[in-house]
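K.L.:
After the structure tokens below, expect a handful of questions from me.
What follows is calculated from the coordinates using simple rules that are stated; it is not laboratory data. What you see is a predicted model, and the numbers here were worked out from it, not measured in a lab. Here Cβ is always computed from backbone atoms with ideal geometry, including for glycine, and neighbour counts include all displayed protein chains.
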């Protein structure tokens, strides 16, 4: 089992990372720590209210195999939250994989994680031009960029980003990761049935809801 963390901050995007997090948890049974700078509710850009499971004071980047940074439509609160930046900064010598999508690479830039590394991002270029800690000469205009222990991506390429991270972490996700074509499936292909054992397990789980013993 690998140790995986997701950083949370105001207006973070669930949509950009759930392809990755759902595969990690549902396909491979991993448990994910959701880390914020304080133990209080964080609202996603979709309006969902999330409680972190840990804070940046509780853990270190070196505790993890991978730290995932979702994008955010409003990066300034996270960018100027020194607890988040220091958490990342202390991981500069770590072997952890940093996976940042959309606007999140700017957090890695400020923390020094992207120093000397090629990267991409989904933020407006004026944002990069505003801050001198962004190494604009290393910006690559591609959907997903991998350089050493850092993978960055643009939000619209969330599936390709997830695939790159999963392959980097050595998960077996097959050759056609989430590229299935619905029209190529038969009625039989799209008819799902439990095994007898799984169905018996379901019937046992059903009993408390129906009053059976």
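K.L.:
What shape does the range 1-62 take by its C-alpha gyration tensor, where a ≥ b ≥ c are the square roots of the eigenvalues and a/c under 1.5 counts as rounded, a/b above b/c as prolate, and the rest as oblate?
P.N.:
On the way: a/c = 2.29, a/b = 1.13, b/c = 2.03.
Since a/c reaches 1.5 but b/c is at least a/b, the shape of the range 1-62 is classed as oblate.
K.L.:
Taking a ≥ b ≥ c as the square roots of the eigenvalues of the Cα gyration tensor of the range 30-124, is the shape rounded (a/c under 1.5), prolate (a/b larger than b/c) or oblate? Intermediate values should be presented prior to the final figure.
P.N.:
Details: a/c = 1.59, a/b = 1.12, b/c = 1.42.
Because a/c hits 1.5 or more and a/b fails to exceed b/c, the range 30-124 counts as oblate.
K.L.:
Roughly what angle does helix 196-210 make with the longest principal axis of the chain, taking Cα atoms, 0 to 90 degrees, to the nearest 10?
P.N.:
90
K.L.:
Going 7 Å from the Cα of residue 205 in the Cα-to-Cβ direction, what parts of the range 25-45 have a backbone nitrogen less than 17 Å from that spot?
P.N.:
Residues 25-30 qualify, since their backbone N sits under 17 Å from the label point.
K.L.:
In addition: Give the Debye-formula value of log10 I(q)/I(0) at each listed q (0.12, 0.15, 0.22 Å⁻¹), with one equal scatterer per alpha carbon of the range 123-213, two decimals each.
P.N.:
-0.70, -0.83, -1.12
K.L.:
Using R₀ = 41 Å, calculate the FRET efficiency as 1/(1 + (r/R₀)^6) where r is the Cβ-Cβ separation of residue 115 and residue 58; round to 0.05. Please list the in-between numbers first.
P.N.:
Working: r = 26 Å, r/R0 = 0.64.
E between residue 115 and residue 58, to the nearest 0.05, is 0.95.
K.L.:
Which one is right for this structure if Kirkwood radius over Cα pairs in Å is calculated from it: (1) 17.0; (2) 17.9; (3) 18.7?
P.N.:
Identified label for the calculated read-out: (3).
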